[in-house]
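What follows is one structure encoded as C-alpha cells, with my remarks underneath.
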Amino acid sequence: QDGNKPNASTFHGFCVRFLREEIHVLNYPKEFMILDEDDQKSLLHKVYADLGYSLKDLKISSVIDYIGGRKAADINYVSLFAELPSEGMTTKDHLLALSDAADDKWMRVYYRYLYEQKKNYALDFDDLILSTLYILENFPEQLDKWRKRMMYIMVDEYQDIDGQQYQLANLLASYHKNLFVVGDPDQTIYGWRGADVNRILEFDKTHENTKTILLQNNYRSTPSILKVPDAVIKNNKFRIEKVLRPQRVGGKTPVFYHAKNTREEAKWIVEQIQNAVQSGGVHYKDIAVLYRMHSQSRSVEEALMAENIPYKVYSGVGFYQRKEIKDVICYLRMLVYADDLSFVRTVNTPKRQFGPKKIATLQAFADARGV
C-alpha cells in the first residue's frame with residue numbers, strides 16, 4: 001500500500017513504477033525503454049554484426065542466459081549505466097573500452113550488449129529488479145523514501161519468489177514491518193529459477209512478531225480429488241502440517257495411468273475417449289486433453305488421427321509476440337523513444353527499399369555523430 005492508495009502489481013510492474021520515479025540517479029531518463037526477448041535478440045544480432053561474430057560463434061539463446069546470469073551474480077554492473085565524468089569518458093565509451101579489453105567472446109558480447117542498452121536507454125527484464133535493488137542499496141535517500149511510503153506490503157505465491165524478490169520485499173518492509181505473505185510450501189515447483197521453500201517455511205524465524213494463519217477449507221475440489229494430492233504431499237519431510245477440508249461433496253474418483261512412453265500414453269488416452277463416447281452420453285466436443293507443453297501434443301494428435309477422432313488444438317503465438325502487434329508497438333515506440341531497435345523494424349515495414357547496405361550507411365552516419 002502506497003500511502004492511502006492501494007496498488008497491485010507484479011514484482012516487475014512495481015519496479016517499473018519505482019524506476020520511472022528514481023532512475024534519474026543513474027542518469028537515465030524516466031521514459032526508458034523496456035526490452036522484451038525479441039528486442040534482446042535484435043540487439044544481439046547488431047552486437048554480433050559490429051563484432052564480426054556469427055551464430056556459429058555463440059548461440060543467441062545461450063548468450064541471453066549468460067547475460068542474465070552475469071548480471072545476477074554481480075549487481076554492481078548497474079553502476080556502468082551511470083555517467084563517469086571523473087574518468088574523462090562517457091559510460092558508452094567506458095563500456096566499449098571494457099568490451100575491447102575483454103579476454104573472451106562472451107564478455108566482449110556482454111559489455112557490448114550493455115553499451116547498446118545504454119545507447120538506447122533500455123532495460124531488459126533482469127535489469128528492472130536488479131536496478132531497483134541497486135538503487136535501494138546504494139542510495140539511502142531513495143530507500144528511506146520508499147520504505148516509509150510502503151505502509152503495508154502483501155506478497156502472493158511467496159513460495160515461488162527468488163532471492164532478489166525476497167530481498168526487495170524485505171527492504172521495502174524494513175520501516176513499517178507490515179509484511180503479509182500468502183503461499184503454500186507444498187506447491188514449490190520453481191527451485192530451478194531461484195525459489196527456495198525455506199523462505200516460507202522459516203518466515204516466522206527470519207521475521208519478528210509473526211502470526212501464521214492456515215487456510216484449510218477448499219472450495220474448488222471434491223473429496224475424491226483432494227485425497228490424491230493429500231496422499232502424496234503428506235510424505236514431504238519439510239512442510240507445515242495442514243489438512244485440506246473439502247466444502248463440496250460427491251465427485252468421481254480420479255484415474256491414474258503410468259505409461260512407458262509418450263506413444264503408450266497417447267494410445268491409452270484415445271482408448272478412454274473412445275470408451276466414453278461409445279458408452280453414450282458423451283460427445284467428442286465434451287472432452288479435453290490437457291498437457292503442459294505444446295511439444296507434448298504431437299503424440300496425442302498422431303493417436304487421434306490414427307483413429308479418425310476429430311480434434312482441435314487451442315494454442316498459438318502470444319498476442320504481444322505476433323508480428324503485426326510488434327510492428328505497431330515499434331511504431332508507437334518511435335514516437336516516444338526514436339530508438340535504433342524500433343527504427344530498424346519500422347523503416348522497412350512496409351517495404352521502402354531500405355536494404356542492409358542503406359541500414360549500414362545510416363548506422364555509420366549515426367555512430368560517427370554519436371546519435
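The values are calculated or read from the model by the stated rules, or taken from the named source; none is laboratory data. Just so it is clear, the structure is predicted and the values come from calculations on it, not from any experiment. Glycine gets a Cβ as well: all are built from the backbone with ideal geometry, and neighbour counts include every protein chain shown. Areas reflect the complete protein model, heavy atoms only, side chains present, ligands, DNA and RNA absent. Shrake-Rupley method; radii C 1.70, N 1.55, O 1.52, S 1.80 Å.
Computed from point charges on the beta carbon alone (+1 for Lys and Arg, -1 for Asp and Glu), the dipole magnitude for the chain about its Cα centre is near 960 Debye.
Among 125-132, 160-167, 184-191, 250-257, the peptide with the highest mean count of other Cβ atoms within 10 Å heads the list, and the full ranking is 125-132, 160-167, 184-191, 250-257. Sorted largest first by accessible area at a 1.4 angstrom probe radius, with every protein chain in place, the residues Tyr219, Tyr158 fall in the order Tyr219, Tyr158. Restricting the range 61-142 to GluC sites (Glu not before Pro) that sit in a DSSP loop and have at most 16 other Cβ atoms within 10 Å of their own Cβ leaves Glu83. Counted by Cβ distance under 13 Å from Lys323, the other residues give a net charge of 0, where Lys and Arg count +1 and Asp and Glu count -1. Here the Karplus relation 6.51 cos²θ - 1.76 cosθ + 1.60, evaluated at θ = phi - 60°, turns the backbone of the range 144-159 into coupling constants of 5, 4, 7, 6, 6, 5, 7, 6, 10, 10, 10, 10, 8, 6, 4, 5 Hz, with x for every Gly and Pro.
Cα centroids of the range 283-300 and the range 125-142: 43 Å apart. Each Cα pair under 8 Å and six or more residues apart adds its separation to the average, and for the range 38-174 the resulting relative contact order is 22 percent.
Contact order, relative form, for the chain: 12 percent (alpha carbon pairs under 8 Å, 6 or more residues apart, mean separation divided by residue count).
The shape of the range 122-236 comes out prolate: with a ≥ b ≥ c from the C-alpha gyration tensor, a/c is at least 1.5 and a/b beats b/c. For the chain, DSSP calls about 30 percent of its internal beta bridges antiparallel.
Residue-wise HN-Hα couplings along the range 122-133, as the Karplus relation 6.51 cos²θ - 1.76 cosθ + 1.60 with θ = phi - 60° gives them from phi, are 10, 10, 8, 4, 4, 5, 4, 6, 5, 5, 4, 4 Hz; Gly and Pro carry x. Dipole orientation for the range 70-197: of the candidates Gln142, Thr188, Asn76, Gln142 has the Cα lying most toward the positive pole (charges on Cβ; Lys, Arg +1; Asp, Glu -1). Near Pro223, once Lys and Arg are set to +1 and Asp and Glu to -1 for all other residues with Cβ below 13 Å from its Cβ, the sum equals +4.
Selection among Gly163, Pro310, Asn235 by position relative to the dipole of the chain gives Pro310 as farthest towards the positive end (Cβ unit charges, Cα centre).
A straight line joining the Cα centroids of the range 1-32 and the range 213-251 runs 39 Å. For Ile34, the residues whose modelled amide H falls within less than 5 Å of its own, excluding neighbours fewer than 5 places apart on the same chain, are Leu123. From a point 7 Å beyond the Cα of Val249 in the direction of its Cβ, which residues of the range 211-225 have a backbone N at a distance under 18 Å? Taking a point 7 Å out along Cα→Cβ of Val249, the residues of the range 211-225 whose backbone N falls under 18 Å are 218-225. For the range 48-148, dividing the convex hull volume of the Cα atoms by the residue count gives 111 Å³ per residue.
Shape class of the chain from the alpha-carbon gyration tensor: oblate, with a/c at 1.5 or above and b/c at least as large as a/b.
Each Lys and Arg contributes +1 and each Asp and Glu -1, all at the Cβ; summed about the Cα centre of the range 179-297, the dipole is approximately 160 debye. Dipole orientation for the range 42-163: of the candidates Gly52, Ala122, Leu95, Gly52 has the Cα lying most toward the positive pole (charges on Cβ; Lys, Arg +1; Asp, Glu -1). For the chain, the mean residue ellipticity at 222 nm estimated from helices alone is -15000 deg cm²/dmol, where every DSSP H run of n ≥ 4 contributes -39500 (n - 2.57) and the total is divided by all residues, rounded to the nearest 500. Among the listed pairs Lys145/Lys211; Lys92/Lys177; Lys30/Lys59, those with a Cα-Cα distance over 30 Å are Lys92/Lys177; Lys30/Lys59. Using a ≥ b ≥ c from the Cα gyration tensor of the range 227-371 (square roots of the eigenvalues), is it rounded, prolate or oblate, where a/c under 1.5 gives rounded and otherwise the larger of a/b and b/c decides, a/b for prolate? Here the range 227-371 falls in the prolate category.
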